[in-house]
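The values are calculated or read from the model by the stated rules, or taken from the named source; none is laboratory data. Here the structure is a predicted model, which is why all the values come from computation and not from measurement. Cβ coordinates were reconstructed from backbone atoms using ideal geometry, including for glycine residues, and neighbour counts include every protein chain displayed.
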Amino acid sequence: MNKFIEWHKKLIDDARKQFGLSKYSVMWISFLKGILLTLIFFAVLDINAEIIEVDKGIYKVKYDTVKEQPLEVSYTVVPRPKNADRKGMNFKKEPGIHTSDDKDYVNNVWDKGHMAPAAHFSDSEENLRLTFSYLNSALQHEKLNRGAWRFLEAHVRDTAELEGKVEVINTIFFSPYSRVLSTGATIPEGFEKKVIGYNWEMCYFFTNEAPEGKYTDFIVDCE
């Protein structure tokens, strides 16, 4: 190993002298090379990502089978009677699609967060079961899922009752530094819910942690 290091030092020094570079210049070249290799690495990760689009009828999902998480879930909310109960229903994997599974949500703070809420589609058992797909499940902090996010979903249903219909687009955000669980799924960094009415739209953004405040504290500009 020492011989290799000495050889490498000599090779760099010879190249520096050949091209008339100072040691300071070599340092900057090495620094920029590191940045370039990092960008290439993350670009390759993006290339390897397999993103699929699935229409489940009551909602549509863009899903990253590498991250094992949804990237976007969109649906229409209309007034629906409650004719079915979610009791006893469990999330199911989709045949032939690589998704997260039960193991990703065990012994941690991450809920199986419905992106298309079960409560929006409890008018029939068939519709309700469609929401219990791992395509529709995101690793969402339990206090977010059961707190501000849930209250926002209730507000959306109330708004649909008043207006007759609203459109919703949930976008799930990741970064190059998003943590990957030992079980395989990647933890989202945050969630945006865009609610669209007849002549208005509202957007809310939550980081994937226990929220402080009401859902109205998380209003952001829609882009």
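Quick look at the numbers
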read-out: All strands (runs of 3 or more DSSP E) inside region 59-158 with 3 or more residues being under 18 Å from the mean Cα position of the chain (by Cα) and within 20 Å of K214 (Cα to Cα); value: 110-114
read-out: Yes/no for T99 being modelled with pLDDT of 95 or more, in the same structural domain as H155 (by TED's automatic domain parsing) and crowded, with 19+ Cβ neighbours inside 10 Å; value: yes
read-out: Search result, residues across region 187-214 that are crowded, with 17+ Cβ neighbours inside 10 Å and either of a type in the set (A, V, I, L, M) or over 16 Å from M115 (Cα atoms) (or both); value: I187, V195, I196, M202, P211
read-out: Region 191-223, subset free of Cβ contacts under 8 Å to residues at least 40 places away in the same chain and in a loop (DSSP other than H, G, I, E, B), residue nearest to R179 (Cα to Cα); value: E212
